[in-house]
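Structure first, commentary second.
Rule-based calculations on the coordinates, nothing more; no lab input. These numbers were taken from a predicted model, which means no experiment stands behind them. With ideal geometry, Cβ positions are generated from the backbone for all residues, glycine too; neighbour counts draw on all protein chains shown.
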Amino acid sequence: MLSIRNLVTSYGNIEALRGVSLDAAQGEITCLLGPNGAGKTTTMFTVAGIISAKSGSVTLDGEDMTRLPAVKVVSRGIALVPENRLVFPYMDVEENLRAGAYARQASKAEISDDVAAVFRRFPRLEERKGQLAGTLSGGEQQMLAIGRGLMARPRILLMDEPSVGLAPLVVEEIFGIIRELNAEGVTILLVEQNARMALRVAHKFYLIEGGEITFSGIPGEFDEDEVIHRAYLGARKE
Amino acid sequence: MIDFVQNTVDGIMFGSSYALLAIGFTIVFGVMRRLNLAFGATIMLGAYAGTWLHVHYQVNVLVIALTTLACTVLAGIYVERLCFRAVRRDAALASMVSSFVIWMQLEEVAVHLLPERTYPFPSLFVAGSFEIGPFLFRAEQITMLLLAVVMVGALHLLLHRTRYGLALRAMSENPQAAGYMGIHTEWVMLCAFALVSLVGGVAGYAILATDEQITPYFGLWATFKGLIAMMLGGMGSLPGAIVGGLVLGMVEAHSQWYLGNEYKDLSAYVLLFAMLVLRPGGFMGQRILSREELAFRRV
């Protein structure tokens, strides 16, 4: 499915990614964990075409996506649900969803069908479809951001910190949604600070530290506390 | 009383063109959070191109109108390329300063094209006046008002009913997130400049055709009127631009009648001063500010 090989990305002289390789398999939730500043978001941005890679490659189903601009990446099936949700606050809920379908060359009827499908999945959004997105609660905004991502009909959904800034109960709800989406067949690459929650939904995880993948595995096969410790604090000093 | 109503009507007629000028400023500001000072000069250059054609070749009024519009749009795209695309997104001040420089440049080009102080500008397709009851209406002004209504209506539909409008509004709210949606932000911006230049070109043409003359001060004049109307209404607000333009037109018409011609501009500045002191966000700006706070609190 999504395959990242030796990805190097830098901001000026600072190398943020130093050869990241990972695979996200079809129909699975792949989770990228790591401490602050390890390169999680940079990986997402590079895959999404927001930052251009210096070297390495990103392929989706064998199709080369490296260094394509975001406009093209979205239309070829990679949608990003950004950190902090970034919904359009003065646009209503339905307009936010329609904006998510911008990159698709779809007919109005097709887009309206997809809006209806998102509303079926998130009835709370339908109740508020005429409301300005900025007036929604944090959890509802996250649902909207996810729905907006789905509107692009992605082959893979990139989710950057979906739980950030949300109350614990709402976090539970959002992870429930992530699991449901996956059960419906959506492939997800998840970046998450909340390692414990992430390990509970992930099929596979990668640990990124200092711009490099240092560890990967299948949750359950490893000591959860050890993984979580490293995800928050980096490598344990022996 | 009759005077008062007559002045109000005149004010609304002329204010409608101020509203169009303000829309040009406010859309660029709303989308980019940057001020395009060259907007008035853009319109002036377009109008000078039209006038040049009028002076040197006796062509149809329609051709002159189209030339004015086309050249205004081209000049607008030129400004976008030089002062906005070429300057980093977060360098708002650099854009403003360079747009000021381009203002000077465009004026120079216009004055080289037609070096004398005053040139005749062809009148609108219809001229003349008629009376309804005690009130006098000038046909050019009614045409101006109708043009403004049509432009505002078309803009509203464009912003709220089309894919492009959705992209433009998304960009004005969060350019970063708009990019994530696959919105081609540079293209949207270029189209926005072409669009507001078209609106400005229509406003400029209507104003000049009513005055039936053009001077090198037109760029400065249009910039002042547009900026004042935008600030009265609230920067970045489309309804604000319309309200601001109409209020400015009415205040000018009244003060011209009751206080005299020399107080016309002064009263506009006094109004702006009062607005900035009492309600710094403008008529519509305040509401947006509180909504912003609301949104911020809930996030």
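Summary table below
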{"item": "Straight-distance crosslink candidates among lysines, where the alpha carbon sits under 22 Å from A:LYS129 and sequence neighbours closer than 8 are dropped", "result": "A:LYS108"}
{"item": "Compactness of chain B, expressed as Rg and Dmax over alpha-carbon positions, Å", "result": "19.2, 62"}
{"item": "The stretch A:132-185: GluC sites (Glu not before Pro) in DSSP coil with no more than 16 other Cβ atoms inside 10 Å", "result": "A:GLU184"}
{"item": "Separation between Cα centres of the stretch B:222-239 and the stretch A:1-44, rounded to whole Å", "result": "46 Å"}
{"item": "Sparse-neighbourhood loop sites, trypsin sites (Lys or Arg not before Pro) in the stretch A:110-145 - DSSP loop, at most 11 other Cβ within 10 angstrom", "result": "none"}
{"item": "Sparsely packed chymotrypsin sites (Phe, Trp or Tyr not before Pro) within the stretch B:15-79, loop by DSSP, other Cβ within 10 Å at most 15", "result": "B:TYR57"}
{"item": "Principal semi-axes in Å for the protein assembly as shown [√(5λ), Cα gyration tensor, largest first]", "result": "54, 24, 20"}
{"item": "DSSP H segments from chain B that extend 15 Å or more along their own axis, Cα-based, with Kyte-Doolittle mean of 1.0 or above", "result": "B:2-32, B:61-79, B:92-113, B:139-161, B:185-211, B:218-233, B:264-278"}
{"item": "Values of log10 I(q)/I(0), in the order q = 0.10 Å⁻¹, for the stretch B:88-233 under a Debye, Cα-only, solvent-free model", "result": "-0.51"}
{"item": "Efficiency of FRET from Cβ geometry, B:ALA194 and A:VAL164, R₀ 41 Å, rounded to 0.05", "result": "0.60"}
{"item": "Theoretical gain in end-to-end length, A:ASN84 to A:GLN131 [0.36 nm per residue, Cα-Cα removed]", "result": "15.0 nm"}
{"item": "Theoretical FRET efficiency, 1/(1+(r/R0)^6), r = Cβ-Cβ of B:VAL63 and A:SER21, R0 41 Å, to 0.05", "result": "0.05"}
{"item": "Partners for B:LYS225 among lysines (Cα-Cα distance below 29 Å; same-chain residues under 8 apart left out)", "result": "B:LYS264"}
{"item": "5 angstrom amide H check on A:GLY19, placed H, neighbours 5+ away", "result": "A:LEU7, A:VAL8, A:THR9"}
{"item": "Relative contact order for chain B, counting Cα pairs under 8 Å that sit 6 or more residues apart, in percent", "result": "34 percent"}
{"item": "Eligible aspartates and glutamates near A:LYS54 by straight Cα distance, threshold 18 Å, same-chain separation 8 or greater", "result": "A:GLU15, A:ASP64, A:GLU212"}
{"item": "Simple spin-label estimate for B:ASN261 and A:THR214 in nanometres, 7 Å along Cα-Cβ", "result": "8.1 nm"}
{"item": "Dipole-positive endmost among A:PHE122, A:TYR102, A:ALA183 within the protein assembly as shown (Cβ charges, Cα centre)", "result": "A:ALA183"}
{"item": "In nm, spacing of pseudo-spin labels at A:ASP225 and A:SER57 (7 Å Cα→C-beta vector)", "result": "4.3 nm"}
{"item": "Zero-based 10 Å bins, Cα pair distances in the stretch A:1-112, whole percents", "result": "13, 40, 32, 14, 1"}
